[in-house]
1. If I stretch the segment between residue 96 and residue 81 completely, what's the gain in nm (0.36 nm per residue apart, minus their alpha carbon distance), one decimal?
2. Taking 22 Å as R0, compute the FRET efficiency from the Cβ-Cβ separation of residue 36 and residue 57 and round it to 0.05.
3. If packing is taken as the average count of other Cβ atoms within 10 Å, what order do 78-87, 52-61, 24-33, 11-20 fall into, highest mean first?
4. Using a 1.4 Å probe on the protein heavy atoms, what percent of the accessible area of the stretch 25-65 belongs to carbon and sulfur?
5. Can you give the net charge of the other residues whose Cβ lies under 15 Å from the Cβ of residue 12, counting K and R as +1 and D and E as -1?
6. Hey, any idea what the orientation-averaged projected area of the convex hull of the stretch 10-66's Cα atoms comes to, in nm²?
Amino acid sequence: LIMKRNLSYWVVLGSLCIIESCFYNILSYIPMYRFVKVIFLFYCFLPSTNGAEKVLFHVLTPLLTPYESMLDGSMDAIAQIEVPEIPNMPNISNIQMPNLSDSISNISSNMPNMPNIPN
């Protein structure tokens with residue numbers, strides 16, 4: 001039950017993030033949008049309201065059901081893409097880093113003296 005509630009919350013939050021990224025220019029002009037968004041997320045997260053499951057099953061599911069076969073086909077096509085193997089990374093644990101204090105002292109010794117400026 002807790003896992004189902006958490007999964008529902010993350011699906012709703014992810015959907016909200018996708019919608020927000022697509023329509024941010026419009027949403028930024030709505031007064032108190034962020035405040036309403038926080039209240040909505042609290043509603044979705046609280047176990048007493050069971051809001052995430054309500055939003056998932058009464059809003060998102062009816063919206064996405066007509067596109068289910070198209071989304072499944074796209075996901076199958078993505079799953080069949082062969083990813084090239086990543087070559088082994090070189091071992092960088094034994095690389096010596098330069099001593100920065102020597103470099104800084106060399107730079108500061110080559111700088112001209114600044115004149116005293118009266119107050």
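The values are calculated or read from the model by the stated rules, or taken from the named source; none is laboratory data. Here the structure is a predicted model, which is why all the values come from computation and not from measurement. No Cβ is skipped: glycine too gets one built from the backbone with ideal geometry, and neighbour counts run over all protein chains shown. Ligands, DNA and RNA are excluded from the accessible area calculation, which covers all protein heavy atoms including side chains. Shrake-Rupley method; radii C 1.70, N 1.55, O 1.52, S 1.80 Å.
1. Result for the pair: 1.4 nm of gain on full extension.
2. Approximately 0.50, to the nearest 0.05.
3. 52-61, 11-20, 24-33, 78-87
4. Using a 1.4 Å probe with all protein chains present, the stretch 25-65 comes out at 76 percent carbon and sulfur.
5. Combined, the nearby Lys, Arg, Asp and Glu give +2.
6. 4.2 nm²
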